[in-house]
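Read the structure below first, then the notes.
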Amino acid sequence: MMFFDYVWKDMLLGVEIDLPDNPVVSKFVYEYINTRDQAGPVYWDHTPEIPEQVSGQDEYYNHAFYPGWQHWGMGIGNPLLISPVYNTDGTLEFRHNRIKGHHFGWQGSPLPSLQYRVLLSLTRSWGSYPLPTPEVERNFNALLELTWSPARLNGWRGRLGIGAEAGCSDAASEQCSQFQKQDGYETFIDTNYISTFCCCYVVRHDFMPQGPDKRRP
């Protein structure tokens, strides 16, 4: 089988573990993504002079004739590949589609009225084959979210989320500077720039009637 004939290079692997009897950590998720290879760095379409063909530079999420794999600038695929909406020149191509990334998530309910969720993502980017970055660029994302469901206020819940992002790419800096308001959260974002290093944190909070919660780490 071809599955075993070739060395594994590009891949998306993950594992999810449920621990229903452990209230401190009831679920754990780990995901690994590698998109660096893309069938190699060389693409050559055969000619009469050189009949061989080398089909490399797959250019994940991009296309030679159509916009990238996006909708209104937001990437449709894996969120660790920075979406074209953050391109400062308005183009709809993915500038960082050669990455390695790790994502960790876990959640639990140490108290009957208190739940928490932690998300951590670390990525390294080599840009793309047509536009490689001069140096490897790194990005880090983190989220801590607490949900409080007081017994005295049956059916209500309060939620506080604190997120942080740090990176050294222009796209990451642009991503940091976006102001967002979504999912019923009031959001405050503060951004600090140190040379080419961007660091920001986000504070979100809400208090609303409790509904079904289908989120995962």
Computed about the Cα centre, the charge dipole of the range 71-145 from +1 Lys/Arg and -1 Asp/Glu charges at the Cβ has a magnitude in debye, to the nearest 20, of 200 debye
All alpha-carbon distances of the range 53-146, grouped into 10 Å bins from 0, give the whole-percent distribution 15, 37, 27, 14, 7, 1, 0
Interchain or sequence-distant (5+) residues whose placed amide H lies within less than 5 Å of the amide H of HIS96 are ILE82
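Values quoted throughout were computed directly from the atomic coordinates according to the rules given, and no laboratory measurement underlies them. Just so it is clear, the model here is predicted, and its values are computed rather than measured. Because the Cβ atoms are built from the backbone with ideal geometry, glycine has one as well, and the counts that use them run over all protein chains shown.
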